[in-house]
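Taking it in order: structure first as structure tokens, then the write-up.
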Amino acid sequence: MNLLSLTLPLPLFCSSLSLTRLPSFPSSYKCTSGAVLRRCVKEEKEEEQLLEGMPKEYYDDEWQAQQREKTKELHRLRIQEEEEEERKIGEYREIGMRLKEYPEDDVIKARKLVSSFLRAAEEVEERIEEAAEKGELTELVLMVIWNRLDLARRDEEKDAIRSLDLLYRRVETEILKREATPAMRLLNDLLIMYDGYNFEEWLKKCKKVMIDTFPREDPFSILVPPGFESFDIDKHHGPLRPSLEVDDTLLRVDFVREVDELLQEVHSEESEVQNEPGFDPESVANRLKQQEKQQTIRQVEALLDLAIGLKW
């Protein structure tokens, strides 16, 4: 070693080292900016070997985002279905609880009776009248029919809805008929006689029924009440035994009074009801029901006028 080499300045020596020997770093450390870093990562991913059984789209970020959105939508639909199912279960439970207030034996009998109505098919009218005569038609029977009708509506069973709706109306009419006064029963019978075509001919038939139903209103009928017709007013002798059906006798004045009260009640309700505008099925159905009701009201008004002016 010579003295010159020992006296060389240190920076020169270090700089010569830096020029001759550079440290070797991995190529990935050369990527410094964000864009370049992402490109490098992407290139490394492309070089990775695909997992066995996985599609190539599995490594696509956009495809992954779409799958996440689909998963969220399916989760939302599942929650919605569960809520709908819970709502239906709650409604069915509510329907079942309606009959809890009645004795179990009565509920079983009512259900058997309703089932017999549904199986009777064309003979359902005779079966309903027979049950009414036996006193089997009650509010509980109507409730059982209504429960079945409500379930059919919720399940959208159109044929069952139609059958149960007709059965409910028929049983309700029979119950009201049995509980109605003689005047209301006569009014119902007269309305049923109308065929929907010949109004004047119908009024003539109604007049004949009224003459046969109401007692004659003449001076003799005032002196001799119903049941004493065999009494000889000239000789002042004869049986004075009233007929056993005197209590069921319907006077014309009672018929006029009850029908007039019914019309006043109906007219007061009519003033509160307005026709619904629109041509959707529900609005059209409501208007048709209103028109049918108006036609029935006109028939009742005609019967009232006929009873007021009735002459024997």
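None of Glu57, Glu69, Glu81 is at pLDDT below 80 and assigned to a helix (DSSP H, G or I) except Glu57. Scan segment 110-153 residue by residue and report those that are among the hydroxyl-bearing types (Ser, Thr, Tyr) and either in a helix (DSSP H, G or I) or in contact with a Gly (Cβ under 6 Å, 6 or more places away or on another chain) (or both). Correct list: Ser115, Ser116. Of all residues in segment 106-126, one or more are of a type in the set (Val, Ile, Thr), closer than 21 Å to Arg153 by Cα and either in the same structural domain as Asp165 (by TED's automatic domain parsing) or more than 22 Å from the chain's Cα centre (by Cα) (or both). Taking the numbered list (1) loosely packed, with under 14 Cβ neighbours inside 10 Å; (2) at pLDDT below 90 in turn, Thr249 passes all entries but (1).
In this structure, Ala302 does not qualify as in contact with a helix residue (DSSP H, G or I) (Cβ under 6 Å, 6 or more places away or on another chain), modelled with pLDDT of 90 or more and not aromatic (Phe, Trp, Tyr).
When Glu62, Glu85, Glu73 are screened for being within 23 Å of Ala152 (Cβ to Cβ) and outside the structural domain of Thr138 (by TED's automatic domain parsing), only Glu85 passes.
The values are calculated or read from the model by the stated rules, or taken from the named source; none is laboratory data. The structure presented is a predicted model; accordingly, all values stated were derived computationally and were not measured. Backbone-built Cβ (ideal geometry, glycine too); neighbour counts: all protein chains shown.
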